[in-house]
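Worksheet: one structure, shown below.
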Amino acid sequence: VAIFLALMFFLPETFFNRIETATKSGGSGRTVIWQGGLVAFAHNAVAGAGLNNFPYAYRKNLGSAPMLYGTTVWAPHNSYLEIAVDTGTIGLALMLTAIVAQLRIASRTRKRTSNQLGSVIVAYEAGCYAILLAVFFIGAIWEKWFWMAWMLTAVAVRTAQL
């Protein structure tokens, strides 16, 4: 903590201006979109709105949440919210279960593997955790790079088990 606080004195002023702007604008409108997305999720919690239908579910409930400067919303800016609205509670639960299972298997395999492949698995795990944090602020479910990290982790785990 002390090192972090000491390094803060060397950060440029633009860093602090960006943080101040983000809090005033709600993260470039993300918090407003999330509020509308939560309303859309409440209306589609059981069966979901259908794959890739977040924009339609958002617009359908537009009066229930604050307006986003009158612009059209195409992306939820949160992959977890997107899955929840698109596939409902069951789809969100299945996705989270798959993520937890994959990371659990990778962790167990890494701990049992004493060779160099264990260090490869930890790198893939770190990438997956970073992606899990990033998709809280961006919609990446339909992006190839999102799935590539999970596939590489699965291949590394399977290779280590052989």
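The values are calculated or read from the model by the stated rules, or taken from the named source; none is laboratory data. Quick caveat: nothing in here was measured; it's all calculated off a predicted structure. Glycine gets a Cβ as well: all are built from the backbone with ideal geometry, and neighbour counts include every protein chain shown. Accessible surface areas use protein heavy atoms only, side chains included; no ligands, DNA or RNA. Shrake-Rupley method; radii C 1.70, N 1.55, O 1.52, S 1.80 Å.
Filtering the stretch 84-113 to residues that are under 27 Å from L51 (Cα atoms), aliphatic (A, V, I, L, M) and open to solvent by 70 Å² or more (accessible area, probe 1.4 Å) leaves I90, L94, L96, V100. On the stretch given as the stretch 89-144, residues that are under 16 Å from the mean Cα position of the chain (by Cα) and aliphatic (A, V, I, L, M) total 19.
So how many residues does the stretch 145-162 have that are part of a loop (DSSP other than H, G, I, E, B) and touching a residue at least 40 places away in the same chain (Cβ under 8 Å)? I'd like the intermediate steps shown before the answer.
Pass one, the stretch 145-162, residues part of a loop (DSSP other than H, G, I, E, B): 162.
Going one step further and asking which of them are touching a residue at least 40 places away in the same chain (Cβ under 8 Å), we end up with none.
So the count comes out to 0.
Taking (1) surrounded by 17 or more Cβ atoms within 10 Å (Cβ to Cβ); (2) modelled with pLDDT of 95 or more in turn, N53 satisfies each apart from (2).
If you scan the stretch 30-50, which residues turn out to be open to solvent by 80 Å² or more (accessible area, probe 1.4 Å) and either touching a strand residue (DSSP E or B) at 6+ places or on another chain (Cβ under 7 Å) or modelled with pLDDT under 85 (or both)?
We begin by selecting, within the stretch 30-50, every residue open to solvent by 80 Å² or more (accessible area, probe 1.4 Å); these are 35, 38, 43, 46-47.
Residue satisfying the conditions is Q35 alone.
Tell me yes or no: at least one residue of the stretch 18-29 is assigned to a helix (DSSP H, G or I), modelled with pLDDT of 80 or more and on the phi < 0 side of the Ramachandran plot. No: the stretch 18-29 contains no residue that is assigned to a helix (DSSP H, G or I), modelled with pLDDT of 80 or more and on the phi < 0 side of the Ramachandran plot. Just the residues that are open to solvent by less than 50 Å² (accessible area, probe 1.4 Å), of a type outside the set (A, V, I, L, M), assigned to a helix (DSSP H, G or I) and at pLDDT below 90, please, taken from the stretch 114-144. The one that is open to solvent by less than 50 Å² (accessible area, probe 1.4 Å), of a type outside the set (A, V, I, L, M), assigned to a helix (DSSP H, G or I) and at pLDDT below 90: G118.
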